[in-house]
Amino acid sequence: MSFLDRFRGPDGLPVIRFAPDYSVDVPLFPQSDEVEALVPADLLARLVEWQHDFDRNFRWDTGWRSDEAKRDWAAEAVVLESELKEALAGRATLDVDLWPLNQTDLDLPDTH
């Protein structure tokens, strides 16, 4: 049995969550080599940098260091989400949780 078998969704594919978290290297959950192996190396490197941007620019007690840092991070999140969906297509379902942002930060329609 594969590690990812424990994280299968209703469609039978593993569910991978894309989300920042404090002091992780890769913003994909569950955290495992098996998850990382699903992502091309160049995209994985960009995810690591995006996570580091979060660690540098977001504080649990005060939020974003600046509006510019938040905008840049959010813009990159949109690009990474799209590329992750493409990379995982047919192999995993992507669940996105950009909890430090709200809908207006991403210029997305509210789906709730």
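Here, each number is a calculation from the coordinates, and none is a lab measurement. Keep in mind the model is a prediction, meaning the values are calculated, not measured.
The GNM of the chain, with springs linking C-alpha atoms under 10 angstrom apart, assigns the highest mean-square fluctuation among LEU38, LEU47, LEU94 to LEU38.
Could you check which residue among PRO14, PRO40, PRO30 shows the biggest mean-square fluctuation in a GNM of the chain with a 10 Å Cα cutoff? Residue with maximal mean-square fluctuation among PRO14, PRO40, PRO30: PRO40. Once Rh is set to the Kirkwood radius over Cα pairs, what Stokes-Einstein translational diffusion coefficient, in µm²/s, holds for the chain at a temperature of 20 °C and a viscosity of 1.002 mPa s? After rounding, the answer is 145 µm²/s.
What percent antiparallel are the DSSP beta bridges of the chain, to the nearest 5?
Values: 5 of 9 bridges.
Antiparallel: roughly 55 percent of the beta bridges in the chain.
Helical runs (DSSP H, four residues minimum) scored at -39500 (n - 2.57) apiece and divided by the length of the chain put the mean residue ellipticity at 222 nm at -13000 deg cm²/dmol.
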